[in-house]
Each structure stands twice: as structure tokens, then as C-alpha cells.
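To keep things clear, I will list the structure first and then write my remarks on it.
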Amino acid sequence: MSHEGIKIASPEETRRVQAEEARVLPVAATDPKSVKVEKSTGKGMDIEWKDGHRSHYSFTWLRDACPCATCNEERGGNGRKIGEPPKAKPAALPMYKEPVRPLEIAPVGKYAINFHWNDGHSTGIYSWDFLRRECPCAECKAGQSALGTRLSAT
């Protein structure tokens with residue numbers, strides 16, 4: 001439990017979050033038709049949504065996009081976007097890092113999935129809504145960029 005004070009979001013961050021929450025996706029867009037996790041091959045996770053869209057998430061992207069409070073706070077403090085890898089510390093020597101992979105994968109009710117990562121992290125709950133909103137495919141990224149452009153113009 002953190003004993004830090006309550007953090008107040010900047011007006012820009014507040015507008016971004018409110019706009020994202022107001023962007024209502026159809027139920028079929030956030031309801032998976034099939035979920036395939038390629039744990040043994042290390043390829044990642046593929047979701048076919050009921051609206052016909054297909055999403056691929058590499059394990060590295062998923063780990064870097066962890067939606068838990070600790071990871072969100074770290075990303076916010078370092079200016080990283082969801083799914084973007086951490087920046088190397090200045091003057092740090094490159095060290096071998098074992099490839100990211102899940103040790104365990106578990107459904108969370110009917111609304112999410114959870115990964116227990118090989119780095120010991122396991123608190124992120126990846127809701128279907130979150131995964132669809134943050135889909136890293138080119139089509140979805142273009143839509144996310146357009147939303148960001150509209151927000152910065154207001």
C-alpha cells in the first residue's frame with residue numbers, strides 16, 4: 001500500500017482519459033471470439049474479436065503495456081506510452097535480459113486475462129476493453145493517433 005499523497009492529473013491528461021472513456025466501442029469490438037496464447041513458441045497472443053477484427057500482441061508489448069497501478073505510475077513518471085519499452089538509463093552498460101515470457105496465464109472472469117511473467121510481475125489484469133482500445137495493429141494505431149491529434153487541437 002502506498003502512503004504517497006493523491007496525485008492530481010494535469011488538465012491534458014484528464015482530457016485524454018475522459019476522451020478515451022467517452023469513446024464507446026461496440027460490444028462486439030471488446031468481446032473476443034477466440035483467444036490464442038502462443039506460450040510455448042513465445043509468439044504472443046492473438047485475439048479474433050466478434051466484430052471480425054484481429055489483434056496480435058507480442059509478449060514484450062504486453063509486459064510493457066501492463067495496466068497495473070505500479071506500471072502505470074512508472075510509465076507516467078518516465079513519459080512512456082502503453083506498450084513502449086523502458087528507456088535505458090544513461091551510461092548503463094547493456095546487460096543480457098531474458099526474453100519476456102509468461103509462466104502462467106489465467107482468465108479473470110469473463111472480462112480479462114492475467115499473466116504471471118518470468119520477471120516475477122503478475123499484478124496486471126488485461127481487460128478485453130483495454131486490449132482492444134490499445135490494439136497495436138496499424139489500423140488501430142492510426143485511429144489512436146487521430147484521437148490524440150483531435151485532443152491536442154482542443
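Table for the structure above
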| item | result |
| --- | --- |
| Integer Hz, Karplus 6.51/-1.76/1.60 couplings in order for segment 129-134, x for Gly and Pro | 4, 4, 4, 6, 5, 9 |
| Pair Leu25, Ala92: separation of 7 Å Cα→Cβ label points (nm) | 3.1 |
| Long-range HN-HN contacts of Ser127 with modeled amide H, under 5 Å | Ile113 |
| Accessible-area composition of segment 25-72, carbon plus sulfur, in percent [1.4 Å probe] | 50 |
| Computed E for Asn78/Thr14 - FRET, C-beta separation, R0 22 angstrom, nearest 0.05 | 0.65 |
| Virtual spin-label span in nm between Leu103 and Ser127, 7 Å along Cα→Cβ | 2.8 |
| Set of lysines near Lys50 by C-alpha distance (under 28 Å), chain-local residues within fewer than 8 positions excluded | Lys33, Lys36, Lys39, Lys81, Lys110, Lys141 |
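The values are calculated or read from the model by the stated rules, or taken from the named source; none is laboratory data. As the structure is a prediction and not an experimental result, all values here were calculated from the model. Using ideal geometry, Cβ is built from the backbone for each residue, glycine included, and neighbour counts are taken over all protein chains shown. The accessibility values were calculated without ligands, DNA or RNA, using every heavy atom of the protein model including side chains. Shrake-Rupley method; radii C 1.70, N 1.55, O 1.52, S 1.80 Å.
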